[in-house]
1. Can you name the number of the only condition in (1) in the same structural domain as ARG17 (by TED's automatic domain parsing); (2) aliphatic (A, V, I, L, M); (3) in a loop (DSSP other than H, G, I, E, B) that ILE169 fails?
2. Do you know which of the residues in the stretch 154-193 that are of a type in the set (S, T, N, Q) and either modelled with pLDDT under 90 or surrounded by 12 or more Cβ atoms within 10 Å (Cβ to Cβ) (or both) is nearest to ARG138 (Cα to Cα)?
3. Could you give me the residue pairs with C-beta distances under 7 Å whose first residue belongs to the stretch 128-144 and is in a loop (DSSP other than H, G, I, E, B), whose second residue is surrounded by 15 or more Cβ atoms within 10 Å (Cβ to Cβ) wherever it lies, and which are 6+ apart or on separate chains?
4. Could you please give the count of residues in the stretch 53-65 that are buried (at least 17 other Cβ atoms within 10 Å of the Cβ) and either small (Gly, Ala, Ser) or more than 15 Å from PHE102 (Cβ to Cβ) (or both)?
5. Among the residues of the stretch 1-57, write down those that are of a type in the set (A, V, I, L, M) and within 14 Å of GLN67 (Cβ to Cβ).
6. With among the polar types (S, T, N, Q) and under 21 Å from ILE79 (Cβ atoms) as the only criterion, which of THR115, THR173 stands out?
7. Select from the stretch 98-127 the residues that are assigned to a helix (DSSP H, G or I), crowded, with 17+ Cβ neighbours inside 10 Å and touching a strand residue (DSSP E or B) at 6+ places or on another chain (Cβ under 8 Å) and list them in ascending order.
8. If I go through the stretch 85-108 residue by residue, how many of them are closer than 18 Å to LEU6 by Cα and in contact (Cβ under 8 Å) with a residue 24 or more places away in the chain?
Amino acid sequence: MTTSDLVAIVDDDEALRESLSMVLGSVGLDVLGFHTSTDFLCHLEQIKCSCLLLDMRMPGMSGVELQRRLGELNAQMPIVFMSGHGDIETAVKVMKQGAVDFLRKPFSRQLLIDTVQGVIEAWKKELKARDRHEHLRRRVQCLSPREQEVFAGLGAGRSAKVVAHELGIALKTVEEHRSHIFAKLDIHSSSELIAEATELRLLDQTRSTAA
């Protein structure tokens, strides 16, 4: 963990906000507190948090309503709900809507730390995977439409002869496209091509599942 790991706390209980801030600050986390959902939304463009601790029931806009609003704004961040009144039905609802965890008040200092640190580490891995996915997508997009078709076929482990037959083109043409693909993607073997295509395919599936 580093001090760049920002945790936002949205809870109308000032004493609790300060207590949570002290606990999380003691393990090197930066913390910003907000007393209402509206206050948090007003500062949304200025902050980039790695974990949002969100009270479920607050005056005005509730935590559940804030979660819905963040989804409408496509403001992506891991949300951990907190509540002293949460029931199973509500917990299931917010988890289905994208929350990553649910803490029932009162909770221990260690549970708070473990939960938040775990959420932040998972979020970092998620962002790294997204960056890698975007990098691979950009690389493949530099290929021509036909080269992308050849890349997909060869990347699936099919031979150049089979790809030529599937695309209705000459084997020599497939081999020429393969050479162009190697040059554009800076790869040097069919095994590298297959590895990159496989990684891209898996990342595509992960993004599709997450959506």
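The values are calculated or read from the model by the stated rules, or taken from the named source; none is laboratory data. In this text the structure is predicted, and so the values were computed from the model without any measurement. Cβ: placed from backbone, ideal geometry, glycine included. Neighbour counts: every protein chain shown.
1. (1)
2. It comes out as SER190.
3. What qualifies is CYS142/LYS184; LEU143/PHE151; LEU143/ILE181; LEU143/LYS184.
4. Summing the residues that are buried (at least 17 other Cβ atoms within 10 Å of the Cβ) and either small (Gly, Ala, Ser) or more than 15 Å from PHE102 (Cβ to Cβ) (or both) in the stretch 53-65 gives 3.
5. Let us first name the residues in the stretch 1-57 that are of a type in the set (A, V, I, L, M), namely 1, 6-10, 15-16, 20, 22-24, 27, 29, 31-32, 41, 44, 47, 52-54, 56.
Within the stretch 1-57, ALA8, VAL10, LEU41, LEU44, LEU52, LEU53, LEU54, MET56 meet the criteria.
6. Exactly one of THR115, THR173 is among the polar types (S, T, N, Q) and under 21 Å from ILE79 (Cβ atoms), namely THR115.
7. Matches in the stretch 98-127: LEU112, THR115, VAL116, VAL119, ILE120, TRP123.
8. Start the filter on the stretch 85-108 by keeping residues that are closer than 18 Å to LEU6 by Cα, which leaves 99-101.
With the extra rule that they be in contact (Cβ under 8 Å) with a residue 24 or more places away in the chain, the set shrinks to 99.
Counting residues in the stretch 85-108 that are closer than 18 Å to LEU6 by Cα and in contact (Cβ under 8 Å) with a residue 24 or more places away in the chain gives 1.
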